[in-house]
Amino acid sequence: MDFKNAEIKTFLENLASNSPAPGGGSASAVCGALAASLVSMVANLTVGKEKFTEQEHLMRQLVAETKELREKFLKLMQEDIDAFNLYMSALRMKKETELEKRARKAAMQDAIRLSTEVPLKMIDACVQTAELSLSAARCGNPGAVSDAGTAALMAEAAAKSASYNVYMNLPHVSAPELAGSYQIRMNEGLEKIAELVSEVSDILQKIFDATVNGE
């Protein structure tokens, strides 16, 4: 089934079923897409407002970039499902002869690499989304700053949950150097997004404090 074009109710019903796919990876992708959508909302609430004229160009850029990210997350959701199905197909391959065993092992490694690379791409997209949420928090309509903050948190949640799939797959990647490069890429992404979320949180806290103090 092509889940990237499914209605949310249909997707949730499938997610809640006893089928292993869609699963956590797909949920991570949807979470990332929601984060990108929130950034776009903040930008759209800023565009066209006279008092935000100086931010107009940046906000229009955010709208365009988050649209691409939404589409990327939905594509990754389907890729995650396809990677799982590919692994299951490899697992069911015959293993009676040595030739069959080697072919099965190679197919499983291809599927494991794909199943690791998809969530890594998701983490990269989450970092991009968090970067845009920071721009939205800094320069967007202050009335929607909480939405920029929510976007950053959801991007981080999506990245962390995607990392769980990487962790699960790493021990099964047969090439140690490749597994090591995957782990480095994952750790760098998680560290970067944590920094971005912290910056967004600081901006929100200052705005909230000023509001409480009547500034």
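Within segment 55-64, the residues that satisfy the criterion of being open to solvent by 30 Å² or more (accessible area, probe 1.4 Å) and touching a residue at least 24 places away in the same chain (Cβ under 8 Å) are Gln55, Leu58. For Cys31, the conditions (1) in contact with a Gly (Cβ under 9 Å, 6 or more places away or on another chain); (2) open to solvent by 10 Å² or more (accessible area, probe 1.4 Å); (3) not polar (S, T, N, Q) all hold with the exception of (1).
Would a scan of segment 145-164 turn up a residue that is at pLDDT below 95 and either acidic (Asp, Glu) or not in a helix (DSSP H, G or I) (or both)? No, there is no match, as no residue in segment 145-164 is at pLDDT below 95 and either acidic (Asp, Glu) or not in a helix (DSSP H, G or I) (or both).
A single member of Leu170, Leu86, Leu99 is open to solvent by 70 Å² or more (accessible area, probe 1.4 Å), in contact with a helix residue (DSSP H, G or I) (Cβ under 6 Å, 6 or more places away or on another chain), farther than 26 Å from Ala36 by Cβ and among the hydrophobic types (A, V, I, L, M, F, W, C), and it is Leu86. Every condition in (1) open to solvent by less than 30 Å² (accessible area, probe 1.4 Å); (2) in contact with an Asp or Glu (Cβ under 9 Å, 6 or more places away or on another chain) holds for Ile81 except the one numbered (2). Is segment 39-54 home to any residue that is assigned to a helix (DSSP H, G or I), at pLDDT 95 or above and open to solvent by 20 Å² or more (accessible area, probe 1.4 Å)? Yes.
Residue count for segment 177-207 under the criterion of being open to solvent by 90 Å² or more (accessible area, probe 1.4 Å), at pLDDT below 95 and either within 21 Å of the chain's Cα centre (by Cα) or of a type outside the set (S, T, N, Q) (or both): the result is 1.
The values are calculated or read from the model by the stated rules, or taken from the named source; none is laboratory data. Predicted model only: the values in this text are computed from it and were never measured. Don't worry about glycine lacking a Cβ; one is built from the backbone with ideal geometry, like all the others, and counts go over all protein chains shown. Ligands, DNA and RNA are excluded from the accessible area calculation, which covers all protein heavy atoms including side chains. Shrake-Rupley method; radii C 1.70, N 1.55, O 1.52, S 1.80 Å.
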